[in-house]
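S.K.: One structure coming up, written as structure tokens, with questions to follow.
Just so you know, all these numbers are worked out from the coordinates, no wet-lab data involved. Quick caveat: nothing in here was measured; it's all calculated off a predicted structure. Cβ atoms come from the backbone with ideal geometry, glycine included; neighbour counts cover every protein chain shown.
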Amino acid sequence: MKYEEAARETFVILCAAVVLGFSYTAFAGKGFFGKPSSGDTTRVAAKGPGPVPITLAEAKSMFDAGSAVFVDSRHFFDFRRGHIKSAISIPLNEFETKHEAVDSLPKDKAIIVYCDASECNSSIELAAKLYENGFGGIRIFFGGWQEWTTNKFPTETSPR
């Protein structure tokens, strides 16, 4: 009996703490109810869903239709050696300094971010940064450069 009473009292105290915690954060506009902060306050966060993963077939279909811009998140060295035809180079580690490339991205087309393959995370991180900076319609092509070239889809190299 004593254990049941102690468990019940613990449960009531826990529920009260949760309710009080949420009430405080809602009133104060902090935590769960707070506004997201961003280092760049000149742009408004994109509306709609965040970055969405796509398959090779979806990426190729959008490439063929010309309805998307491909963004290569790999190091520029790798981009120069070969990339998806007409892709734009925005290496993840240079995002903060590539203002011209970022600003040149169209707002009326989908943006497909890719890197080497599914083991590479730079496409995920770059897609998140683009989304945080006001870009919508962002897709992540996890198959990346490896899957694209394995299927012999259009590529090109850049001059040194």
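S.K.: Viscosity 0.692 mPa s, temperature 37 °C: Stokes-Einstein D of segment 71-139 from its Kirkwood Cα radius, in µm² per second?
M.R.: Rounded, D is 274 µm²/s.
S.K.: Just going by the charge dipole of segment 52-156, with Lys and Arg at +1 and Asp and Glu at -1 on Cβ, which of His83, Ala117, Ala127 is farthest out on the positive end?
M.R.: Of the listed residues, the answer is His83.
S.K.: Right, something else. Which residues' amide hydrogens lie under 5 Å from the amide hydrogen of Arg139, considering only partners 5 or more residues apart or on another chain, with H built in the peptide plane?
M.R.: Val52, Ile111, Ile112, Val113
S.K.: Karplus couplings for segment 79-93 from phi (6.51 cos²θ - 1.76 cosθ + 1.60, θ = phi - 60°), rounded to Hz, Gly and Pro as x?
M.R.: Computed from phi, the couplings for segment 79-93 are 4, 4, 5, x, 7, 4, 3, 6, 5, 9, 8, 9, x, 3, 6 Hz.
S.K.: In which sequence would His83, His75, His99 go, from the one with the fewest C-beta neighbours within 10 Å to the one with the most?
M.R.: Ranked by crowding around the Cβ, least crowded first: His99, His75, His83.
S.K.: On to the next question. Around Pro51, with a cut-off of 13 angstrom between Cβ atoms, what is the net charge of the other residues, counting Lys and Arg +1 and Asp and Glu -1?
M.R.: 0
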